[in-house]
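Let me begin by presenting the structure, written as structure tokens, before commenting on it.
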Amino acid sequence: MSSPAGRRLRLAVLISGRGSNMLAIARACAEGRVAADVVIVLSDVADAAGLEAARGLGLRAEAVPYVPQTDRRAAREAFESALASRLDAVKPDLVVLAGFMRVLSSDFVERFPGCILNIHPSLLPAYKGLHTHERVLAAGEREHGASVHFVTAALDDGPLLLQARVPVLPGDTPESLSARVQRQEHIIYPQVIQWIAEGRLGCKDGQALFDGQPLREARQAS
Ligand code: GRF
């Protein structure tokens, strides 16, 4: 993916919950810190709090409900087909997963090569999957954090782009640790999008490139 020179990036943000990352990105765009516009917010959860919050900022926000069926594969195909139709209609430059809790199929991911970003609440490749804060505390880790990466068909995989580290403090609960991580998420996700908007960061043949050089490991937030 390369930045379309001279125009702002069009972002489609996918959420499932409260959407605090989506709001941080939208505010960074509105305040001129990121040269992009959130052209649509989509959620697989019809009553996701983030949809209302997005509308409160004047953003277009729509539900694309996931409808369970006995045949789970058919349910996923129907959902992804509806999602792809909405995305095709708005032609985003980037699809930004921000607390979007569905695993996308490889067919779907391959429709948007190098154009899907995700944020995960751990220092990937450690702690893929759910309940990262609880697992980090149970393991007695002294450090935790968040990672932004390009999405591939494998869960919480794909080229790592930027990580932020936070200490695990005595007395931390999953909630206190999550809040510390989220404050960093709200900084690093807009930063990655701005790098893409500036044309500094892209993805070619499954390899992240930063300033034209292969990015072999995640950059670290200062
Ligand atoms: C974030 O912690 C993100 O890392 C994870 O889901 C959470 C979403 O939070 N993928 P929010 O909906 O953006 O507040």
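The values are calculated or read from the model by the stated rules, or taken from the named source; none is laboratory data. Predicted, not measured: the structure shown is a model, and the values here were computed from it. Virtual Cβ from ideal backbone geometry, glycine too; neighbours counted across all protein chains shown.
In table form, for the structure just shown:
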item: Residue in segment 82-91 that is at pLDDT 95 or above and in a loop (DSSP other than H, G, I, E, B) present; result: yes
item: Subset of segment 32-67 [farther than 19 Å from Tyr189 by Cα and of a type in the set (Gly, Ala, Ser)]; result: Ala46, Ala48, Ala49, Gly56, Gly58, Ala61, Ala63
item: Residue identified as hydroxyl-bearing (Ser, Thr, Tyr) and more than 16 Å from the ligand (Cβ to nearest atom) among Ser43, Ser81, Ser16, Ser20; result: Ser81
item: Any hit, segment 171-193, residues being in a strand (DSSP E or B) and exposed (fewer than 14 other Cβ atoms within 10 Å of the Cβ); result: no
item: Hey, Asp157 among the acidic types (Asp, Glu) and buried (at least 16 other Cβ atoms within 10 Å of the Cβ) or not; result: yes
item: Matching residues, segment 107-144, being basic (Lys, Arg), more than 21 Å from Ile15 (Cα to Cα) and surrounded by 14 or more Cβ atoms within 10 Å (Cβ to Cβ); result: Arg135
item: Residue check for Arg55: in contact with a strand residue (DSSP E or B) (Cβ under 9 Å, 6 or more places away or on another chain) and assigned to a helix (DSSP H, G or I); result: yes
item: Residues being assigned to a helix (DSSP H, G or I) and touching a Pro at 6+ places or on another chain (Cβ under 7 Å) - total across segment 126-149; result: 4
item: Matching residues in segment 95-115 - criterion: being within 13 Å of the ligand (Cβ to nearest atom) and either assigned to a strand (DSSP E or B) or in the same structural domain as Pro190 (by TED's automatic domain parsing) (or both); result: Val96, Leu97
item: Residue among Ile25, Ile40 that alone is touching a residue at least 40 places away in the same chain (Cβ under 8 Å), in a strand (DSSP E or B) and outside the structural domain of Cys203 (by TED's automatic domain parsing); result: Ile40
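Yes/no per residue for (1) without any contact (Cβ under 8 Å) to a residue 12 or more places away in the chain; (2) over 23 Å from Val103 (Cα atoms); (3) out of contact with any strand residue (DSSP E or B) (no Cβ under 7 Å at 6 or more places or on another chain):
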site: Glu134; (1), (2), (3): no, no, yes
site: Gly140; (1), (2), (3): yes, yes, yes
site: Ala154; (1), (2), (3): yes, no, yes
site: Pro159; (1), (2), (3): no, no, no
site: Val166; (1), (2), (3): no, yes, no
site: Gln191; (1), (2), (3): no, yes, no
site: Gln194; (1), (2), (3): no, yes, yes
site: Leu201; (1), (2), (3): no, yes, no
site: Ala221; (1), (2), (3): no, yes, no
